[in-house]
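Colleague: One structure coming up, written as structure tokens, with questions to follow.
The values are calculated or read from the model by the stated rules, or taken from the named source; none is laboratory data. Here the structure is a predicted model, which means the values were calculated and not measured. Here Cβ is always computed from backbone atoms with ideal geometry, including for glycine, and neighbour counts include all displayed protein chains.
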Amino acid sequence: MIRRIIKRVRKQALKLPLLIVTDGLRTYKTAIGQVFREKQEYIGRGRKRLREWAEICYAQVIKRYKERRVVEVERRIIKGKEEIVEVLRHKASEESVINTAFIERLNASIRRRLSKIVRRTRALARRVETIEEAIWLFGSVYNFCTPHKSLRVCIVKDEQKHYANRTPVMAAGISDHIWTVKS
């Protein structure tokens, strides 16, 4: 399943520097190494060699628990240069460190808005297609239409601070405006 998810990420990713942050599960490292590679130019006999993307930065956040409380957080850069990781991290959020908070927040939002995929709920998931369509709709609204407070930008104008709201796609440079959902 993790490899399928990483394949979807690659399918959507451009060949730009990309920062992937996960927890300490080893399967992520293996899947990223296998998926983010392509055939190398090769003249001669035999099969073409595969080379990993140089633009991939991969970091892990490992939390250690004691009595159900986090007592230590270790951050590791597995692939990529520390300078590039810092630049990419800074694009995501100016004041944070390498963390998994963004995906944890997304997972919480999905559970809150799509009750049919949460266990023990009254909203039954009868067809896989319906769930997939609901997730695509949620993802579109979440990324294109919903401004996130953590992504807003401070603008100083006439010695007064103003904040410009941004959506995740605006922060990524894909769009220049907040989209709307019309019924």
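Colleague: Yes or no: ILE155 within 22 Å of ASP23 (Cβ to Cβ) and either of a type in the set (Val, Ile, Thr) or at pLDDT below 85 (or both)?
Modeller: For ILE155, the condition - within 22 Å of ASP23 (Cβ to Cβ) and either of a type in the set (Val, Ile, Thr) or at pLDDT below 85 (or both) - is not met.
Colleague: So, one more: Those residues that are of a type outside the set (S, T, N, Q) and either in contact (Cβ under 8 Å) with a residue 40 or more places away in the chain or surrounded by 10 or more Cβ atoms within 10 Å (Cβ to Cβ) (or both), I need them from the stretch 168-183; list them, please.
Modeller: Selection gives PRO168, VAL169, MET170, ALA171, ALA172, ILE174, HIS177, ILE178, TRP179, VAL181.
Conditions (1) surrounded by fewer than 13 Cβ atoms within 10 Å (Cβ to Cβ); (2) modelled with pLDDT of 80 or more; (3) at positive phi, marked per residue:
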residue	(1), (2), (3)
GLN12	yes, no, no
LYS15	yes, no, no
ARG76	yes, yes, no
GLU82	yes, yes, no
VAL85	no, yes, no
VAL97	yes, no, no
ALA101	no, no, no
ALA108	yes, yes, no
LYS116	no, no, no
